[in-house]
Amino acid sequence: MIRIMKKNQIKKNAVSMSFVLPALILLFIFVIIPFMLSFYYSFMDYNILKPKAMSFVGLDNFKKLFNDKIFTQSIYNTFKFTFLVVPLQLAVALGLALLVNKKLKGIKLFRLAFFAPTVLSLVVISILWTFIYNPNNGLLNAMLNSVGIASQPFLSDPAQAMYCIVFLSAWQGAGFQMMIFLAGLQDIPTYLYEAAEVDGASKYQQFFNITLPGLKNISVLLFLTITIGALQLLVQPMMMTQGGPLNSTMTIVYEIYQTGYKYRNMGYGSAMAVVFTAIVLVIVLIQNKLMASKED
């Protein structure tokens, strides 16, 4: 009897592992092995066109990083983008969710319209907005001129370029977060709002005392995912500004890409990737610590 029970348990474990194993294999192939190789290459002088000439240089790549002004600028730009886009995208997504949560005729059309940018290719969207931001004959400047505002340089100005990318990114990604917020709004019991109205609570009080607390867990999840995604900014500066002007939109991931693949310096690019991974891990750990302390 005991043997039969053990056999059944083994079969159950085997079935469970058969579902988990493909994901573990993909994780090992596409995440763990590349990271281990990057860590190994970060101690090497490695040109990908001359693999046989690879040589060990120790910590020289990491020492070089701290004197690399472009890398320092890319870190600053990445954090600047993250600090700007995360609250903006969350606010836009929540505002849209509140708007489309109304029971109005044709509201599904608005939900589709707000969600549409999310399913479009980010490359296509970046190229489209490059034309919109065109300082000479772009749509945005034409709209500004129509109300008496002078044309702006936008992507060609170091002071404006990053803000243009922030606006584009918030617009493109807000539709997805909107749908998640919408699901959370519809999950909040309606009797809470009815009871609040009976007690004389205003819409403002209902929002801060019922809606926001009801969306707390969803907000934490979206905050983490948007932050991690923002730190990996690559497509928009690559397609719109190539990191310029004057490296004002150069980000960590784009700098890693250029160093490793454009300039073929895989060892130095791997050192950048290791430092970037460490930065992301520290940020995630701090966020988790802060969120856990707030829950306590």
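When you check Ala116 against the structure, is it in contact (Cβ under 8 Å) with a residue 40 or more places away in the chain and exposed (fewer than 12 other Cβ atoms within 10 Å of the Cβ), yes or no? For Ala116, the condition - in contact (Cβ under 8 Å) with a residue 40 or more places away in the chain and exposed (fewer than 12 other Cβ atoms within 10 Å of the Cβ) - is met. Could you check how many residues of region 74-100 are closer than 27 Å to Ile210 by Cα, of a type in the set (Gly, Ala, Ser) and crowded, with 18+ Cβ neighbours inside 10 Å? Residues meeting the conditions: 2. In region 48-72, the qualifying residues are those that are out of contact with any Phe, Trp or Tyr (no Cβ under 7 Å at 6 or more places or on another chain), assigned to a helix (DSSP H, G or I) and among the aliphatic types (A, V, I, L, M), and the one that is farthest from Thr259 (Cα to Cα) is Ala53.
When you check Leu104 against the structure, is it closer than 30 Å to Gly184 by Cα, outside any helix (DSSP H, G or I) and without any contact (Cβ under 8 Å) to a residue 40 or more places away in the chain, yes or no? Considered against the rule, which asks whether it is closer than 30 Å to Gly184 by Cα, outside any helix (DSSP H, G or I) and without any contact (Cβ under 8 Å) to a residue 40 or more places away in the chain, Leu104 comes out as yes.
Yes or no, residue by residue, for (1) surrounded by fewer than 11 Cβ atoms within 10 Å (Cβ to Cβ); (2) modelled with pLDDT under 90:
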{"position": "Gly148", "(1), (2)": "yes, yes"}
{"position": "Pro153", "(1), (2)": "no, no"}
{"position": "Ala159", "(1), (2)": "yes, no"}
{"position": "Cys164", "(1), (2)": "no, no"}
{"position": "Leu168", "(1), (2)": "no, no"}
{"position": "Met178", "(1), (2)": "no, no"}
{"position": "Leu212", "(1), (2)": "no, yes"}
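When Gln152 is tested against (1) in a loop (DSSP other than H, G, I, E, B); (2) in contact with a Phe, Trp or Tyr (Cβ under 7 Å, 6 or more places away or on another chain), exactly one condition is not met: (2). Among the conditions (1) in contact (Cβ under 8 Å) with a residue 12 or more places away in the chain; (2) surrounded by 13 or more Cβ atoms within 10 Å (Cβ to Cβ), Leu246 misses just one, which is (2).
Here Phe223 qualifies as touching a residue at least 24 places away in the same chain (Cβ under 8 Å) and part of a helix (DSSP H, G or I). Taking region 232-243 as the search range and keeping residues that are touching a Phe, Trp or Tyr at 6+ places or on another chain (Cβ under 9 Å) and surrounded by 20 or more Cβ atoms within 10 Å (Cβ to Cβ), which one is nearest to Ile286 (Cα to Cα)? Checked region 232-243; the qualifying residue nearest to Ile286 (Cα to Cα) is Leu233.
Within region 253-273, residues that are on the phi < 0 side of the Ramachandran plot and outside any helix (DSSP H, G or I) have Cβ atoms under 7 Å from residues that are surrounded by 20 or more Cβ atoms within 10 Å (Cβ to Cβ) and not charged (D, E, K, R) in these pairs: Asn265/Thr259, counting only partners at least 6 apart in sequence or on another chain.
The values are calculated or read from the model by the stated rules, or taken from the named source; none is laboratory data. The shown structure was predicted, so the numbers you read here are calculated from the model rather than taken from an experiment. Every residue, glycine among them, receives a Cβ derived from its backbone with ideal geometry; neighbour counts consider all protein chains shown.
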